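Since the structure comes first, as structure tokens, the remarks are kept for the end.
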Amino acid sequence: MSGKVPPSSRAGKRRGLSPLAHEQVQRAARLYERFSGHDTESLEAFTVPPLPKVAVKIGTCDFIGYTTIRDGVREKYIHKFRASDKPFFCVSPDGMQIMLVAGRYKFTERGIVDISDKSA
């Protein structure tokens with residue numbers, strides 16, 4: 001029977017994802033795994049609201065705090081942006097969406113890293 005088994009009904013289907021979206025999901029999974037220390041077992045789907053075309057610049061973001069599970073342990077992080085790397089703290093015109101705009105930072109396996117941090 002070797003070579004005679006037909007593909008399954010799902011073979012070759014991307015289940016609605018475009019090739020670009022599929023690549024972005026894979027890239028996001030790799031970033032999550034490098035940062036968190038665990039495998040991506042399932043992807044939680046949630047809706048990301050569209051970015052508004054207009055935003056209100058409130059000021060700069062001095063730091064950001066977040067809680068996550070890393071290597072199986074719940075951790076709290078506070079990242080203090082360096083003066084030259086601070087993003088703008090902005091909100092949507094209806095006040096329902098908060099955004100960090102511009103700035104000089106990236107998110108890596110170390111968490112938030114300022115571009116001016118030469119040890120990154």
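The values are calculated or read from the model by the stated rules, or taken from the named source; none is laboratory data. Bear in mind the structure is a predicted one, so any value in this text is a computation, not a measurement. FYI the Cβ positions are ideal-geometry reconstructions off the backbone, even for glycines, and counts take in every protein chain you see.
Across segment 99-120, which residue is surrounded by the fewest Cβ atoms within 10 Å (Cβ to Cβ) among those that are free of Cβ contacts under 8 Å to residues at least 40 places away in the same chain and part of a strand (DSSP E or B)? Checked segment 99-120; the qualifying residue surrounded by the fewest Cβ atoms within 10 Å (Cβ to Cβ) is K106.
Of all residues in segment 66-77, exactly one satisfies the criterion of being of a type in the set (A, V, I, L, M) and surrounded by 10 or more Cβ atoms within 10 Å (Cβ to Cβ), namely I69. One residue alone among T40, T60, T67 is among the polar types (S, T, N, Q) and more than 29 Å from A21 (Cβ to Cβ), and that residue is T60.
Counted as qualifying within segment 28-98 are the strands (runs of 3 or more DSSP E) with 1 or more residues that are closer than 19 Å to I112 by Cα and at pLDDT below 95, namely 63-70, 73-80. Annotation: F63 fulfils all but one of (1) among the aromatic types (F, W, Y); (2) closer than 20 Å to A28 by Cα; (3) loosely packed, with under 14 Cβ neighbours inside 10 Å; the unmet one is (2). Would you say G95 is surrounded by fewer than 11 Cβ atoms within 10 Å (Cβ to Cβ), free of Cβ contacts under 8 Å to residues at least 60 places away in the same chain and touching a Phe, Trp or Tyr at 6+ places or on another chain (Cβ under 6 Å)? Against the criterion (surrounded by fewer than 11 Cβ atoms within 10 Å (Cβ to Cβ), free of Cβ contacts under 8 Å to residues at least 60 places away in the same chain and touching a Phe, Trp or Tyr at 6+ places or on another chain (Cβ under 6 Å)), G95 does not qualify.
Taken over segment 33-83, the criterion of being more than 18 Å from the chain's Cα centre (by Cα) and among the small types (G, A, S) is satisfied by A55, G59, G72, A83. Screening segment 99-119 for residues that are of a type in the set (G, A, S) and at pLDDT 90 or above and picking the one that is farthest from K53 (Cα to Cα) gives S116.
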